[in-house]
C-alpha cells in the first residue's frame, strides 16, 4: 500500500515544519488527535505513541500506533517508521519544499503487508484509503488553515 497526500500552504516553511514536527502538540491543534506521548525523547530522533480518531459520522474509530520519528530540517523532511500497532512496518515521509506558490507539503506512506495476498487487499482497500489517506488529508488541511490564518493576522 502506498498513498500520498499533497497540499500547498501559503506561509513560511519553518512554521509548517515546526507544526508538523512537534507531534506532541498535535492534540492541541488537530481535532482528530487525542494523545501523543514522547516515550523516548531526542533532539532529532525519538519514539512516540500516537492516538487519533477516524470519524465515520457518529461512529469514531480509534487508531493507535508507536513510531520512531526522525527530524531532518535541513532537508525539509520528517520521517516516521511505525514500530507498534496494526500499521507496524509502515514508513512515512513528510516532504516540505518552498515554491513560488507556498510550501509544497507531501505526506507519503508505504506499508508492505505481513500477509501477502489477504494483507495486500486489506491494506490497499481499507487501511490506505479509509484510514491513512483520510487522516493525513485532515492533518494537512488543518495545518494549512492554521499557518494561513497566522500569515493573514
Fill in: residue 104, sole failed condition from (1) surrounded by fewer than 19 Cβ atoms within 10 Å (Cβ to Cβ); (2) in contact (Cβ under 8 Å) with a residue 60 or more places away in the chain; (3) touching a helix residue (DSSP H, G or I) at 6+ places or on another chain (Cβ under 9 Å); (4) more than 18 Å from residue 30 (Cβ to Cβ)
(3)
Practice prompt. Check residue 114 against each of (1) touching a helix residue (DSSP H, G or I) at 6+ places or on another chain (Cβ under 9 Å); (2) exposed (fewer than 13 other Cβ atoms within 10 Å of the Cβ); (3) farther than 15 Å from residue 131 by Cβ and name the one condition it does not meet.
Written response: (1)
Discussion item. Take residue 130 and tell me if it is outside any helix (DSSP H, G or I), touching a strand residue (DSSP E or B) at 6+ places or on another chain (Cβ under 8 Å) and touching a residue at least 60 places away in the same chain (Cβ under 8 Å).
Written reply: no
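Can residue 120 be described as touching a residue at least 60 places away in the same chain (Cβ under 8 Å) and more than 23 Å from residue 19 (Cα to Cα)?
Answer is yes for this residue.
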Worksheet item: Is it true that residue 110 is more than 22 Å from residue 30 (Cα to Cα), in contact with a strand residue (DSSP E or B) (Cβ under 7 Å, 6 or more places away or on another chain) and touching a residue at least 40 places away in the same chain (Cβ under 8 Å)?
Response: yes
Discussion item. Can you report the number of residues in the range 1-13 which are surrounded by fewer than 16 Cβ atoms within 10 Å (Cβ to Cβ) and either in contact with a helix residue (DSSP H, G or I) (Cβ under 7 Å, 6 or more places away or on another chain) or at pLDDT below 95 (or both)?
Written reply: 1
Worksheet item: Within the range 14-69, restricting attention to residues that are in contact (Cβ under 8 Å) with a residue 60 or more places away in the chain and in a loop (DSSP other than H, G, I, E, B), which residue is surrounded by the most Cβ atoms within 10 Å (Cβ to Cβ)?
Response: 30
Fill in: Candidate set: the range 133-153, residues that are assigned to a helix (DSSP H, G or I) and over 14 Å from the mean Cα position of the chain (by Cα); chosen: the one surrounded by the fewest Cβ atoms within 10 Å (Cβ to Cβ)
152
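The values are calculated or read from the model by the stated rules, or taken from the named source; none is laboratory data. Please read these numbers as outputs of a predicted model, since none were measured by experiment. Positions of Cβ are backbone-derived with ideal geometry, glycine not excepted, and every protein chain shown enters the neighbour counts.
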